[in-house]
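A short write-up of the structure that comes next.
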């Protein structure tokens with residue numbers, strides 16, 4: 001019976017805005033159960049808009065966040081340097097001087 005219902009000329013001639021993919025949904029009032037007009041729906045949609053909430057980051061502390069930002073900043077600085085490093089490179093010399101070596105008698 002249902003399959004033959006869609007084959008009737010009445011349903012074939014029906015506009016898609018009435019029933020189909022372009023149809024508007026019907027909203028009802030929770031208290032009264034009656035239908036809402038388009039103006040009432042628009043006013044409810046304006047009330048439903050929530051202000052932007054602050055995005056909370058769970059599972060990370062501030063120190064870890066700062067360290068990650070510092071690592072990204074260091075990588076950006078490294079990208080700007082030339083690929084070949086020479087003996088006159090001050091950053092490379094400072095990096096080698098700053099390394100802690102086990103058993104270094106002059107480190108104290």
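Before moving on, here are some points about what is shown:
- Filtered residues of the stretch 7-28 (kept if over 33 Å from the mean Cα position of the chain (by Cα) and part of a loop (DSSP other than H, G, I, E, B)): 7, 8, 13, 14, 15, 16, 17, 18, 19
- In the set (1) surrounded by 10 or more Cβ atoms within 10 Å (Cβ to Cβ); (2) modelled with pLDDT of 75 or more, residue 9 fails one condition alone, (1).
- A single member of 56, 62, 75, 92 is more than 30 Å from residue 28 (Cα to Cα) and at pLDDT below 80, and it is 56.
- Some residue of the stretch 47-61 being over 23 Å from the mean Cα position of the chain (by Cα) and surrounded by 10 or more Cβ atoms within 10 Å (Cβ to Cβ): no
The values are calculated or read from the model by the stated rules, or taken from the named source; none is laboratory data. It should be emphasised that the depicted structure is a prediction, and the values quoted were computed from it without experimental measurement. No Cβ is skipped: glycine too gets one built from the backbone with ideal geometry, and neighbour counts run over all protein chains shown.
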